[in-house]
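Chemist: Sharing a structure below in structure tokens format, with a few things to ask.
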Amino acid sequence: MAAKSSEYCSSNIETPSKFFCNQESHIELLNHLESEANRVAASVDDLTENLTGILRSISALTLDCLETYRNSICKTCDAIDCNIKLMYQLMAKCEELSKTAEPLDESNSISEDQIKSFRDFLLSYNKVSEICFDACAWDFTLRQVKKNEETCALNCMEKYLKMNQRISQRFQEYQMIANETAMAAVQKLSTKFNE
């Protein structure tokens, strides 16, 4: 029917039905344009939905980045504040120590052995602090120390102190045995020398 109407429409004969023929071809053209417009509109809708999804994911990622940045800044500021407070406390203790040490400097009552002993104590304290921290500090996402981390640190320190005490006792026992052996050797030599 469409081929017939197009043949009829293409003929040069002027008839009253020619107007209807042109109208039918215009309707077909309009229907085709409408279907193409619907297809373009559907493509634009799909593109808009995809763009909206991408923009939402970018916004969420940006929000996460900003939140992480804000949290890291807050934690850094808190750590700096804590360090500043500790530095002032340390400075106050150093000043207090220097005031109490002035009379000691005048009398020279601190021996090199005491200084060496205190230095050894500080080295030992720093070492055990580092060991227990490495062994017991697991979660760095919170500002507070968890109960299991605190318990671990206390157990670690207790084990270290017990071990240190036991080593000291054994060292004293071996030192006493060595001294007794040396005294026996000196007495043996002195008796040989006296004979």
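Rule-based calculations on the coordinates, nothing more; no lab input. Bear in mind the structure is a predicted one, so any value in this text is a computation, not a measurement. Cβ coordinates were reconstructed from backbone atoms using ideal geometry, including for glycine residues, and neighbour counts include every protein chain displayed.
Chemist: Mind checking which lysines have their Cα closer than 27 Å to the Cα of Lys99? Skip sequence neighbours fewer than 8 apart in that chain.
Modeler: Lys85, Lys116
Chemist: Continuing with this model, one more query. Using Cα positions and a limit of under 15 Å, work out the aspartates and glutamates in reach of Lys188, with same-chain residues fewer than 8 apart set aside.
Modeler: Leaving aside aspartates and glutamates fewer than 8 places away in the same chain, those within reach of Lys188 are Glu180.
Chemist: Would you work out if segment 52-184 is rounded, prolate or oblate? Take a ≥ b ≥ c from the square roots of the eigenvalues of the alpha-carbon gyration tensor; rounded if a/c is under 1.5, else prolate when a/b is larger than b/c, oblate otherwise.
Modeler: Details: a/c = 4.99, a/b = 1.95, b/c = 2.56.
Oblate.
Chemist: Put a dot 7 Å past each Cα toward the Cβ at Lys99 and Ile80; how far apart are the dots in nm?
Modeler: My value for the distance between the label points is 3.1 nm.
Chemist: Here's something else I'd like to know. How much length is gained if the chain between Asn194 and Tyr69 is pulled fully straight, taking 0.36 nm per residue apart and subtracting their Cα-Cα distance, in nm to one decimal?
Modeler: Values: separation 125, 0.36 × 125 = 45.00 nm, distance 8.54 nm.
Contour length minus Cα-Cα distance gives 36.5 nm.
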